[in-house]
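The values are calculated or read from the model by the stated rules, or taken from the named source; none is laboratory data. Everything numeric in this text was worked out from a predicted model, so none of it was measured. With ideal geometry, Cβ positions are generated from the backbone for all residues, glycine too; neighbour counts draw on all protein chains shown. In case anyone asks, the SASA skips ligands and DNA or RNA and just uses the protein heavy atoms, side chains included. Shrake-Rupley method; radii C 1.70, N 1.55, O 1.52, S 1.80 Å.
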Amino acid sequence: MLRRSFLIGGAILIIAIGIAIGLTLNQNHTFHGVIYENPKQAPELSLISFENQPFDLADQKGKIVLLFFGYTSCPDVCPSTLSDMKRVLSSLEDDSEFVQVLFVTVDPERDTIDKLRSYLVLFDPTFIGLTGSLEDLVKVWGDFGVIREIDTSNQSAAGYLVNHTSRIYLIDQASRLLITYGFGTFPEDIAKDVAYLLNN
């Protein structure tokens, strides 16, 4: 069941990524994710927050954004990743106020605004859940290279599954798409990268 949720999460995502794990942007710190070669501005992301308000990624400039695509009925990868993000923020202590975790649904048919809100508050009240029209979401998924596929072959009590890319995207304070992390990256390692970026 676990492998369903992260589908081809590693392979397809490496489209514009040219530097493998462990390389550095600077001699003083070795990053723990996969670094984008020649980082550029993150794609536009204009959706609706779980407060039923318009949300624009550009408004987060000045913060580090940790972006994840998932769904509230996910049996494994999504709750595990969100728990890891909570640990990242806890590790950063006071610096966590300069970090925003975003959760974009890949299951808008079931992930209502109320459901997103009640789900994410279980992990951290500062996490922001995002949804929108299918057309808007398809564009965002495509812009970030996210694969999303409805799977009705083995339905559970929660209904169908959604196979999806399971990477975390780090967007820096200048709104550049800088690093992605594969599922299972240690939260402590992500926190070290974030702390370095916040302090340099």
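The table that follows gives values for the structure above.
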item	result
Residue satisfying all of: in the range 177-194; open to solvent by 30 Å² or more (accessible area, probe 1.4 Å) and of a type in the set (A, V, I, L, M, F, W, C); modelled with the lowest pLDDT among these	Phe183
Members of the range 39-61 found to be outside any strand (DSSP E or B) and closer than 16 Å to Tyr169 by Cβ, listed by number	Pro39, Lys40, Ala42, Pro43, Glu44, Leu45, Leu57, Ala58, Gln60, Lys61
Residue within the range 163-176 that is part of a helix (DSSP H, G or I) and either surrounded by fewer than 19 Cβ atoms within 10 Å (Cβ to Cβ) or not aromatic (Phe, Trp, Tyr) (or both) present	no
Test result for Gly129, at positive phi, open to solvent by less than 50 Å² (accessible area, probe 1.4 Å) and either touching a residue at least 40 places away in the same chain (Cβ under 8 Å) or in a strand (DSSP E or B) (or both)	no
Candidate set: the range 132-156, residues that are assigned to a strand (DSSP E or B) and of a type in the set (Gly, Ala, Ser); chosen: the one most open to solvent (accessible area, probe 1.4 Å)	Ser153
Condition check for Asp84: touching a Leu at 6+ places or on another chain (Cβ under 7 Å) and over 20 Å from Val140 (Cβ atoms)	no
Test: residue in the range 161-180 that is among the hydrophobic types (A, V, I, L, M, F, W, C), farther than 20 Å from Leu45 by Cβ and touching a strand residue (DSSP E or B) at 6+ places or on another chain (Cβ under 6 Å)	yes
Yes/no for Ser80 being of a type in the set (Ser, Thr, Tyr), at pLDDT 95 or above, open to solvent by 70 Å² or more (accessible area, probe 1.4 Å) and not in a strand (DSSP E or B)	no
Index of the failed condition, Thr131 passing every other in (1) over 27 Å from Lys192 (Cα atoms); (2) out of contact with any strand residue (DSSP E or B) (no Cβ under 6 Å at 6 or more places or on another chain)	(2)
Qualifying residue in the range 27-42 (condition: under 15 Å from the mean Cα position of the chain (by Cα) and at pLDDT 95 or above)	yes
Count of residues meeting criterion [in a helix (DSSP H, G or I), more than 13 Å from Lys63 (Cα to Cα) and either of a type outside the set (Gly, Ala, Ser) or open to solvent by less than 40 Å² (accessible area, probe 1.4 Å) (or both)] in the range 90-115	6
Residue within the range 56-67 that is crowded, with 20+ Cβ neighbours inside 10 Å and over 16 Å from the mean Cα position of the chain (by Cα) present	no
